[in-house]
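Here is the structure we will look at.
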Amino acid sequence: MEPPEESGGPAAIGTLSQPARTVVALALAAAAVGVAVHLLMVFLHVAPSNTATKKHGELVGSYIYPEFEQNWKLFAPNPLQQNIHVWARAEVRKDEGGSEVTGWVDLTAMDIAAIRHNVAPSHTEQNQLRRAWSFYAASHGEKDKPIGVRGELSRQYLQRIVEDRFGPRLNGGDVVRLQVRSGTTPVAAPTWSPEKTDTRTTFQVLPWWSSDVADQVDEDEGGENAS
């Protein structure tokens with residue numbers, strides 16, 4: 001008695017019609033090309049400066065930022081030398097009228113609490129907020145002015161993260177505005193080092209940002225008034 005044929009695998013593909021095999025082959029080829037392009041872009045991003053990165057740096061950056069950013073460089077480790085905390089607060093428009101402003105919520109402390117004693121913390125809890133703030137800080141100049149297109153992109157990225165943390169509804173009302181601040185504390189030099197480090201914390205407070213909920217509410221109210 002012959003054993004039953006196993007389903008799946010190359011044998012199963014061989015039983016497909018010619019058009020179906022063509023579609024499968026094209027899908028596999030597209031996936032392989034996509035993976036190859038992604039690996040090449042990430043490699044160029046983390047590789048030391050070279051002719052290719054100088055010529056195509058803008059293209060690589062537009063692909064990598066902000067979702068695929070890597071906080072390391074090949075052959076050139078750059079350990080963090082600052083502890084950065086990010087806080088946020090929200091203005092809530094109450095359903096019964098009026099509004100209130102919440103206290104400052106330490107978003108970084110929330111991530112640290114989720115990571116501590118967790119043998120497999122998520123990438124989001126470890127890096128998303130921290131890298132978003134670094135991206136924002138590096139893409140803005142004096143008086144919080146964005147530097148080019150990446151400046152506005154970094155603001156939108158950071159705002160989306162904060163909006164997701166608070167949610168559209170909070171304390172019996174709609175979140176209509178958000179504000180973010182940071183506290184940066186330099187890491188003290190080791191005891192054996194002659195280097196002197198000022199470990200005082202410096203703060204940066206950003207302007208208020210209107211949330212998507214506020215924009216939608218205003219549009220709805222405008223439509224009702226027009227009607």
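The values are calculated or read from the model by the stated rules, or taken from the named source; none is laboratory data. Predicted, not measured: the structure shown is a model, and the values here were computed from it. When we count neighbours, we look across all protein chains shown, and the Cβ atoms used for this are built from the backbone with ideal geometry, even at glycine. Accessible surface areas use protein heavy atoms only, side chains included; no ligands, DNA or RNA. Shrake-Rupley method; radii C 1.70, N 1.55, O 1.52, S 1.80 Å.
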Would you mind estimating how fast segment 18-74 diffuses translationally, via Stokes-Einstein at 4 °C and 1.567 mPa s with the Kirkwood radius over Cα pairs, in µm²/s?
101
Length gained if Leu59 through Val35 is fully extended, taking 0.36 nm per residue and subtracting the Cα-Cα distance, is 6.9 nm
For peptides 180-188, 43-51, 29-37, sequence by mean Cβ density within 10 Å, most packed first
180-188, 43-51, 29-37
Let's test the formula: R0 of 22 Å, r as the Cβ-Cβ distance of Gln128 and Thr184. What FRET efficiency results, to the nearest 0.05?
0.75
For segment 167-184, in residue order, the Karplus 3J(HN,Hα) values (coefficients 6.51, -1.76, 1.60; θ = phi - 60°; whole Hz; Gly and Pro = x) are x, x, 10, 7, 6, x, x, 8, 6, 10, 9, 9, 9, 10, 9, 10, x, 10
May I ask you to rank Ser139, Ser62 by accessible area, largest first, using a 1.4 Å probe over the protein chains only?
Ser62, Ser139
What FRET efficiency, computed as 1/(1 + (r/R0)^6) with R0 = 41 Å and r the Cβ-Cβ distance, is obtained for Thr102 and Ile147, rounded to the nearest 0.05?
0.85
If you filter segment 108-216 for GluC sites (Glu not before Pro), then keep DSSP loop positions with at most 15 other Cβ within 10 Å, what is left?
Glu195
Return the distance in nm (one decimal) between the two label points of a simple spin-label model at Gln18 and Ala113, each offset 7 Å from Cα along Cα→Cβ.
6.5
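Check each of the chymotrypsin sites (Phe, Trp or Tyr not before Pro) in segment 150-200 and keep only those in coil by DSSP with at most 11 other C-beta atoms within 10 angstrom; list them in order. Don't skip to the end; give the middle numbers.
Values: sites: Tyr157, Phe166, Trp192; in loops: Trp192.
Here the chymotrypsin sites (Phe, Trp or Tyr not before Pro) that fit, given the DSSP loop and packing criteria, are Trp192.
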